[in-house]
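Colleague: Questions regarding the structure given below will be posed in turn.
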Amino acid sequence: MPALEGSAAGEGLRICVVVARWNGFVTEVLHAGAVSTLRECGLREEDVTSAWVPGAFEVPTAARWAAESGRFDAIICLGAVIRGETAHFEYVAGGAAEGITRVSQDTGVPVIFGVLTVDSVQQALDRAGGKEGHKGEESARAAIEMANLRKLLA
Ligand code: INI
């Protein structure tokens, strides 16, 4: 029975990291972890493009531009929406999640959901290199695996 799995090798892949500036004390850590993991997995410096946007709500739009450009094998979306800090958490977090899902499904380009949607600053920090791991690093590994799986399945 054939079983396919995308490898963890990043050589030759081109990846765009779309990252929100809002809650930058978290998103800059997610971004640094994603970029360093991509480089450790073999991507060349010139094949990792970062695109900064104001907030998580704008992430799907930039992700769509990147996906439709045909220049990237995968897109990583990074952001931090913190419930305690906003009265319109559901709109921002829901808009980001639905938009990112739609971009990936509409274009077929892997678009990785690395947007933290959490209740508190502490929960965000826990997921940006704290006790709950590092969503930026995880997102980088997921992007490479999905880009490689796509090549096997296409
Ligand atoms: N954007 C975030 O990325 N995280 C947040 O927690 C947040 N809060 O708290 O509101 C947030 N708002 C800005 C939003 O993403 C847009 O940039 C803004 O509404 C302009 O469209």
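Every number in this text was worked out from the coordinates using simple rules, so none of it is lab data. All figures in this text were calculated on a predicted structure; none of them were measured in a lab. Cβ sites come from the backbone with ideal geometry, for glycine too, and all protein chains shown count toward neighbours.
Colleague: Of Ser120, Ala9, Tyr91, which is farthest towards the positive pole of the chain's charge dipole, taken about the Cα centre with +1 and -1 on the beta-carbons of Lys, Arg and Asp, Glu respectively?
Modeller: Final value for the positive-end residue is Ala9.
Colleague: How big is D for the chain, in µm² s⁻¹ as a whole number, if Stokes-Einstein is applied with the Kirkwood radius of its Cα pairs at 10 °C and 1.306 mPa s?
Modeller: 104 µm²/s
Colleague: Continuing with this model, one more query. Starting from the Cα of Tyr91, move 7 Å in the Cα-to-Cβ direction to define the label point; list residues of region 110-138 whose amide nitrogen is under 19 Å from there.
Modeller: Flagged as within label range: 117-118.
Colleague: To check you understand DSSP bridge types, tell me what percent of the beta bridges within the chain (both residues inside) are antiparallel, rounded to 5.
Modeller: 10 percent
Colleague: Give the long-range amide H neighbours of Ala80: residues separated by 5 or more places, or on another chain, with amide H under 5 Å away, using H modelled in the peptide plane at 1.01 Å from N.
Modeller: So Ala80 has HN proximity to Ala56, Leu116.
Colleague: Once fully extended, how much extra length lies between Ser36 and Ser120, figured as 0.36 nm per residue of separation less the alpha-carbon to alpha-carbon distance?
Modeller: Once the chain is fully extended between Ser36 and Ser120, it gains 27.6 nm.
Colleague: Quickly estimate the mean residue ellipticity at 222 nm for the chain, helices only: each DSSP H run with n ≥ 4 gives -39500 (n - 2.57), and the total goes over all residues, rounded to 500. Don't skip to the answer; put the middle values down first.
Modeller: Values: 5 runs with 72 residues, N = 154.
Helices in the chain give a 222 nm mean residue ellipticity of -15000 deg cm²/dmol.
Colleague: If you average the sequence gap of Cα pairs under 8 Å that are 6 or more apart and divide by the length of the chain, what percent do you get for the contact order?
Modeller: 33 percent
Colleague: Do any GluC sites (Glu not before Pro) in region 1-106 lie in a DSSP loop with no more than 10 other beta carbon atoms within 10 Å, and if so, which?
Modeller: On the way: sites: Glu5, Glu11, Glu28, Glu40, Glu45, Glu46, Glu58, Glu68, Glu85, Glu90, Glu98; in loops: Glu5, Glu11.
Here the GluC sites (Glu not before Pro) that fit, given the DSSP loop and packing criteria, are Glu5.
Colleague: Here's another thing I want to ask about it. Taking the DSSP beta bridges in region 68-154 as the whole, what percent of them are antiparallel, to the nearest 5?
Modeller: Percentage antiparallel, nearest 5: 20.
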